[in-house]
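Every number here is computed from the coordinates shown, using simple stated rules; none is lab data. Remember, predicted model here, so these are calculated numbers, not experimental data.
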Amino acid sequence: AQRFQKQGVQIRRKMWFENMKIKLVILGILLLLVLIVWVSVCQGFKCTN
């Protein structure tokens, strides 16, 4: 039973790490898209309204 619990903890940790990697990749893609839209709307980094 203890071995099963240890395996469960290892699997849970691995799944959490995979989940965090996926979330970080999605966050990076979203930030890149926001940056692309911002640069295309403002024609560079000097954005004044």
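Karplus-derived 3J(HN,Hα) values for segment 31-40, using 6.51 cos²θ - 1.76 cosθ + 1.60 with θ = phi - 60°, are 4, 5, 5, 4, 4, 4, 5, 4, 5, 6 Hz; glycine and proline are entered as x. Here is how the number arises for the chain: DSSP H runs of 4 or more residues each give -39500 (n - 2.57), the sum is divided by the residue count, and the result at 222 nm is -31000 deg cm²/dmol.
Note that segment 5-21 has calculated 3J(HN,Hα) couplings of 5, 5, 5, x, 5, 4, 5, 4, 4, 5, 5, 5, 5, 4, 4, 5, 4 Hz, one per residue in order, obtained from phi through the Karplus relation 6.51 cos²θ - 1.76 cosθ + 1.60 (θ = phi - 60°); glycine and proline are x.
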